[in-house]
Amino acid sequence: MAESIQSEKNCDIHLQRICQMFCLDCRISVCLSCIGGEHRGHCFTELIPEQTSLNTEDQTSVRNKDKTSSETMEQNYFDIKEYIAELMKNDVSKIQNKLKQIKQIISQNNERTIACTAEIKKQGLNMKQEIDKITHGLVDKCKKGKKLKEQKLKEKETILDTKLEELQELIQQTKEKPRGGHQQIRQNIQVIIQDINVLCEDGSDLDDNKVSSVFSPGECNVTTLTQMFGKITQKETEHDKSSDVEPIIEVKVISTFLASEKINNLAVVDSEKAWITNKNCARLLRSDGTEVRSVKLDFNIYSIALTSNGEILLASQMNIKKLLPNGHMKSFIDSTPYSNNGMYVTSDGDILVCLYDWFKQDGKVARFSFAGQKKQTVQYIKHVQENIPIFTKPQCVTEAVNGDICVTNIDSKDSGSVIVTNKDGILRFSYNGMNMKKPFCPQGLVSDKHGHLLILDKNNDVIHMLDLNGEFLNFLFTKDHGLSQPRIISGNRDGTVWISCDSNNKIIVAKYFS
């Protein structure tokens, strides 16, 4: 039973009534009429002196606290709402990118399946043709053997028939009185019998086990046929090779040194050495800048590339030449009227060359065999009726680990893009850089064994790192690593890179690790 109220208070609404209850929902004192009216359905407790004191002295403070709490809750609500909206935006973008990747993979898988099926049918046709050739050859050989065997037997048969006729004739003569006497006939008979015995003793042609031809079938089963025919291997898709998580990269600058002149081209030999070119001179340098070898030529060098067996390819404006061990040059690719802007030797030994016709302002990438025969031209977007050029002015080219052709394309003097096609020349994606202060100006690119693509951005003094699908991962090199107007980059699959900067002819030798 609650204690009696020391200080009674009239209800604010029903002025003639005394407050006897405390509304827990509204935090105020109310009368009994309020319970069935404005506060219907609320929770109440009997009013005791402490509560009356609260109602009379601190009600305003309570209301202020409730107001502040309400405002705080409302602000928290809007903060959470904004957070959820931002989260949804990022998730939707991520899902859209994932859907885009899935569509690309489905398209690539379809193309690969069609190509794989065509190759299997082609191999089956080739094997059938070869088996037919072998079959016809063996049958012809068997028939020729039979013919030769029959010819030998008929010759012996003819000889034996002749000897037999001569013998019968002599026997007939013995029944008559011969002119030369019986002694001569006897001698003649002995000679004929001796010849017959010789022919009969030679029974090699009459042996049933020595027929003209015998076929010995080789091993023919599913295993041996499959080994000859070929097999299907399930390659990783580009999506499997890439990762949604940014790689943790450690960059180590091995050395920096100043070149004596402006560098036009770079070609990394290994982690310790690289070729550099300037005008008509090519020099082999160690990573500390010391010279190992130099070669002077009678033409300006437009690009340089190295083969897997150590041969050096040097391009003049419209000709690609091999540097022979004796120091002489051998021309083997003439690109007239196209100028050579850059080249790369693929893992298959082919040569990818960026070509540009200054008169027609026409750019393309050509693939040559190592014998100098043109095998492929990548110039227009495929599967469209009009000839829409892929490139404006292709400058540098490299091959990704999945066989993609990656090209820096110059759109204007200070900007450009990176265009990537698959091995068949079908456009996969283009990369136009990140949102930075200056236009994206790709001057060189290399790829590594992990599928990363490194793009040198001269205007912004950074090197962009992409994955196999063209997704930006991070800036691998920046001004913090000494980049200042970088223009040329060359590297190997293991992460060694040489970078040349135009501002002070500085060369940076570095290595990065995943």
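The values are calculated or read from the model by the stated rules, or taken from the named source; none is laboratory data. No experiment lies behind these values; they were computed from the predicted model shown. Cβ: placed from backbone, ideal geometry, glycine included. Neighbour counts: every protein chain shown. Side chains are part of the model used for accessible areas, which takes the heavy atoms of the whole protein and leaves out ligands, DNA and RNA. Shrake-Rupley method; radii C 1.70, N 1.55, O 1.52, S 1.80 Å.
Tabulated data for the structure shown
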read-out	value
Relative contact order of region 409-478, defined on C-alpha pairs under 8 angstrom at six or more residues apart (%)	21
Cα-based shape type of region 298-383, given that a ≥ b ≥ c are square roots of the gyration tensor eigenvalues and the cut on a/c is 1.5	oblate
Overall form of region 409-502 per C-alpha gyration tensor (a/c, 1.5; a/b vs b/c)	oblate
Per residue, in Å², the accessible surface of region 423-514 once ligands and nucleic acids are set aside, probe 1.4 Å	37
Over region 252-345, relative contact order from alpha-carbon pairs under 8 Å, at least 6 apart, %	18
Relative contact order (percent, whole number), region 349-479, Cα cutoff 8 Å, 6+ residue spacing	15
Region 349-452: Lys pairs at Cα distance under 25 angstrom, eight or more positions apart or on different chains	25
Förster radius 51 Å - calculated FRET efficiency between residue 257 and residue 229, Cβ distance, rounded to 0.05	0.40
Out-of-range pairs (alpha-carbon distance over 30 Å; input 121/149; 122/147; 279/458; 133/321; 252/322; 128/152)	121/149; 122/147; 133/321; 252/322; 128/152
Surface per residue (accessible, 1.4 Å probe) for region 338-418, Å²	46
Over 24 Å [Cα-Cα, region 349-463], rounded percent	25
